[in-house]
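All remarks here apply to the structure that follows.
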């Protein structure tokens with residue numbers, strides 16, 4: 001006599017228990033997976049910066065000087081001929097992009113049609129994998145001509161507030177600036193104590209061409225505004241500046257809000273400006289290629305938790321916390337200020 005076997009399925013309670021266990025496992029594993037992915041992105045970001053650091057050193061070794069932020073000629077105090085091609089555009093051949101470099105006509109503007117192919121090129125080395133908006137930027141001129149530009153997440157240190165004073169004015173205190181071609185030998189603070197570059201976010205709104213935002217007491221090459229002073233200046237920008245530009249969306253352009261940053265504010269400082277929805281903002285009082293004087297709060301920012309990757313003069317890349325003391329950050333932005341900065345302070 002045979003007996004048929006009765007197959008028992010899952011009860012509702014058992015099914016719910018299994019689902020709950022799976023949910024717990026996902027909750028435990030997902031953060032670990034996300035953390036591993038972010039660690040990989042951060043490492044790639046560091047590697048990008050190391051390549052840029054090597055390119056800067058090779059440029060200095062080949063040319064005897066560091067690249068200028070821009071090249072401007074003056075008739076009196078008025079800008080005549082100018083080349084606003086920035087630091088990044090000048091080190092392109094040292095990034096294994098010789099053909100791209102040779103395609104650039106440095107005697108023409110970045111917006112001139114013969115340079116359109118070059119400036120629209122997106123270079124992987126210039127984009128941090130954590131950037132949330134890596135799409136090329138499109139700009140349409142008043143004549144209706146649209147130009148596409150590649151973005152960059154790596155800015156060059158172009159001042160601690162004072163960037164450029166115009167014809168005959170003192171140079172800024174940082175590694176790069178208009179008509180500045182420094183040597184590594186001039187870094188008297190030491191290469192390991194001097195910042196060359198830091199991470200920046202693309203598409204941060206940058207207010208510019210608004211000298212009225214700078215209070216008289218802060219409009220001096222020797223001025224040392226506090227973060228409170230700087231934030232107040234940025235907050236006054238909407239009523240005095242041109243419509244904001246999309247910052248760091250033109251790797252070819254040497255203006256600070258496209259190719260640089262300053263140490264006026266510590267990394268990732270929030271400066272929310274504008275209506276109806278305030279957004280993180282940067283400020284450049286007067287574009288360098290207009291003759292200055294230029295004072296600037298273009299802040300280093302990143303999508304990495306807690307800080308930014310920073311390139312130093314010795315070629316090392318270190319993670320600097322957002323909580324770094326402002327005087328320390330400002331001191332690291334100078335190359336010959338004589339400040340004493342201990343290694344455990346950043």
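The values are calculated or read from the model by the stated rules, or taken from the named source; none is laboratory data. Here the structure is a predicted model, which means the values were calculated and not measured. Cβ coordinates were reconstructed from backbone atoms using ideal geometry, including for glycine residues, and neighbour counts include every protein chain displayed.
Mind listing whichever residues of the stretch 137-146 are loosely packed, with under 12 Cβ neighbours inside 10 Å and outside any loop (DSSP other than H, G, I, E, B)? Passing the criteria: 140, 146.
Report yes if residue 343 is without any contact (Cβ under 8 Å) to a residue 40 or more places away in the chain, touching a helix residue (DSSP H, G or I) at 6+ places or on another chain (Cβ under 9 Å) and either closer than 25 Å to residue 52 by Cα or crowded, with 17+ Cβ neighbours inside 10 Å (or both), otherwise no. Yes; evaluated as a whole, the condition is true for this residue. Among the residues making up the stretch 87-103, a single one is closer than 20 Å to residue 335 by Cα and either touching a strand residue (DSSP E or B) at 6+ places or on another chain (Cβ under 6 Å) or free of Cβ contacts under 8 Å to residues at least 60 places away in the same chain (or both): 87.
In the stretch 8-27, the residues that are at pLDDT 80 or above form Cβ pairs under 8 Å with partners that are not in a helix (DSSP H, G or I), at six or more places apart or across chains, as follows: 18/10.
Kindly indicate whether any position in the stretch 179-189 is touching a residue at least 60 places away in the same chain (Cβ under 8 Å) and buried (at least 24 other Cβ atoms within 10 Å of the Cβ). No: zero hits. Candidates in the stretch 15-71 are the residues that are touching a strand residue (DSSP E or B) at 6+ places or on another chain (Cβ under 7 Å) and not in a helix (DSSP H, G or I); of these, the one that is surrounded by the fewest Cβ atoms within 10 Å (Cβ to Cβ) is 71.
The C-beta contact set for the stretch 259-277 (first residue surrounded by fewer than 19 Cβ atoms within 10 Å (Cβ to Cβ), second residue assigned to a loop (DSSP other than H, G, I, E, B) and modelled with pLDDT under 95, distance under 9 angstrom, 6+ apart or interchain) comprises 272/278; 274/244. Once the stretch 323-333 is narrowed to residues that are in contact with a strand residue (DSSP E or B) (Cβ under 9 Å, 6 or more places away or on another chain) and surrounded by 15 or more Cβ atoms within 10 Å (Cβ to Cβ), the residue that is nearest to residue 270 (Cα to Cα) is 324.
Looking at the structure I just gave you, is residue 110 outside any loop (DSSP other than H, G, I, E, B) and in contact with a helix residue (DSSP H, G or I) (Cβ under 9 Å, 6 or more places away or on another chain)? For residue 110, the condition - outside any loop (DSSP other than H, G, I, E, B) and in contact with a helix residue (DSSP H, G or I) (Cβ under 9 Å, 6 or more places away or on another chain) - is not met. Screening residue 134 with (1) part of a loop (DSSP other than H, G, I, E, B); (2) in contact with a helix residue (DSSP H, G or I) (Cβ under 6 Å, 6 or more places away or on another chain); (3) under 30 Å from residue 44 (Cα atoms) gives one miss only, at (2). On inspection, residue 320 does not qualify as in contact with a helix residue (DSSP H, G or I) (Cβ under 7 Å, 6 or more places away or on another chain) and either part of a loop (DSSP other than H, G, I, E, B) or touching a residue at least 40 places away in the same chain (Cβ under 8 Å) (or both). If we keep just the residues of the stretch 86-107 that are over 22 Å from the mean Cα position of the chain (by Cα) and part of a loop (DSSP other than H, G, I, E, B), which is surrounded by the most Cβ atoms within 10 Å (Cβ to Cβ)? Taking the candidates together, the pick is 104.
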